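Laboratory data are not the source of any read-out in this text; all were calculated from the coordinates shown. It should be emphasised that the depicted structure is a prediction, and the values quoted were computed from it without experimental measurement. Because the Cβ atoms are built from the backbone with ideal geometry, glycine has one as well, and the counts that use them run over all protein chains shown.
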Amino acid sequence: MMHIDVLSLFPRYFCGPFDESIIKRARDKGLVDISLVDIRDFTDNKHRRVDDRPYGGGPGMVLMPHPVVEAIRSVKTADTRVVYLSPQGKPFTAAKARELSQCQHLVLLCGHYEGIDQRALDSEVDEEVSIGDYVLTNGCAAAVVVVDAAMRFIPGVLGDERSAEEDSFEAEGLLDWPHYTRPPVFEGREVPHVLMQGNHKEINKWRYAEALKKTRHIRPDLLE
Ligand code: 4HQ
């Protein structure tokens, strides 16, 4: 079973996301084991202080190296992959999600404030990953994104095993085609007729054309 340790200052942040829906079901089925570790439990001062002002000046606070290093070492084993979520990381993609889903033991380190003392990162982190070119208030939301996207590649997590493979983003690097369900007419809008006629060759042709059209319009960079 895959084991994930999520290290942060707000372990309760994850109670919603990891205790609902598909992630909850995957944990209940024993497909993944997620532990929440509070970095504050590893401070070396009686005030349980984890942050301090940046050397060199500037706004905000920096997470001190000691509690971060000790929190990581408390969970690390020989086959642990330690990932730090930050805007300075390599872009998180479907390929990266698939790669991380193969790890036996994944540690996701969530930064807070301006970030983490570089010496803790140099000492303990294998890889820095970014979920996008914007700045979050902390790394917790990014860790939820990474766990969610990686879980889809663990066999048994999705009800229908084809879903992850057939998602057009995965299969062709294209945006998805439009989806329809009942009723056949909603507020005067009809379902495209090709989807109602059961001709699967025509349906696939239509879906591919729609995916291509959408991608050309919204994400032409994906077609390069
Ligand atoms: N942050 N992708 C700053 C992010 C982020 C991102 C996490 C904010 C780290 C210190 N993480 N903290 N973008 O914006 O992953």
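Take the Cβ-Cβ distance between Arg25 and Arg98 as r, set R0 to 25 Å, and report the resulting FRET efficiency rounded to the nearest 0.05.
The calculated FRET efficiency here is 0.80.
Mind listing the long-range amide H neighbours of Val107? Cut-off is under 5 Å, sequence gap 5 or more, other chains count too, H placed in the peptide plane at 1.01 Å from N.
HN-HN under 5 Å from Val107: Asp5, Arg81, Val82, Val83.
Suppose each label sits 7 Å from its Cα in the direction of the beta carbon; what would the Lys214-Leu195 distance come out to in nanometres?
Going by the 7 Å Cα→Cβ label model, 1.0 nm.
About its Cα centre, how strong a charge dipole does the chain have in debye, to the nearest 20, once Lys and Arg get +1 and Asp and Glu get -1 at the Cβ?
380 debye
Of the beta bridges DSSP finds with both residues in the chain, what % are antiparallel, to the nearest 5?
Bridges in the chain that DSSP calls antiparallel: roughly 15 percent.
Take the alpha carbon atoms of region 5-23, find their center, do the same for region 192-224, and report the distance between the two centers in whole angstrom.
Value for the Cα centre distance between the two parts: 36 Å.
May I ask which residue of Gly60, Ser21, Cys140 lies farthest towards the positive end of the charge dipole of the chain, with charges of +1 (Lys, Arg) and -1 (Asp, Glu) on Cβ and the Cα centre as origin?
Looking along the dipole axis, the top candidate is Ser21.
Sticking with the crude label model, points 7 Å out along Cα→Cβ, report the distance from Arg40 to Glu127 in nm, one decimal please.
The modelled label-to-label distance comes out at 3.1 nm.
Of Lys29/Lys213; Lys96/Lys213; Lys29/Lys76; Lys46/Lys76; Lys90/Lys201, which ones are farther than 28 Å apart at the Cα?
Too far apart for the 28 Å limit: Lys29/Lys213; Lys90/Lys201.
Ordered by packing density, taken as the mean number of other Cβ atoms within 10 Å over each peptide's residues, highest first, how do 33-43, 139-149, 56-66 rank?
With the highest mean Cβ count within 10 Å placed first, the list reads 139-149, 33-43, 56-66.
Can you give the helix-only mean residue ellipticity at 222 nm for the chain, where every DSSP H stretch with n ≥ 4 adds -39500 (n - 2.57) and the sum goes over all residues, rounded to the nearest 500 deg cm²/dmol?
After summing the helix terms and dividing by residue count, I get -10000 deg cm²/dmol.
Could you let me know the centre-to-centre spacing of region 33-56 and region 83-129, using Cα atoms, in angstrom?
Each part reduced to its Cα centre gives a spacing of 18 Å.
Please work out whether region 1-153 counts as rounded, prolate or oblate from its C-alpha gyration tensor, where a ≥ b ≥ c are the square roots of the eigenvalues and a/c under 1.5 means rounded, while otherwise a/b larger than b/c means prolate and anything else oblate?
In terms of gyration-tensor shape, prolate.
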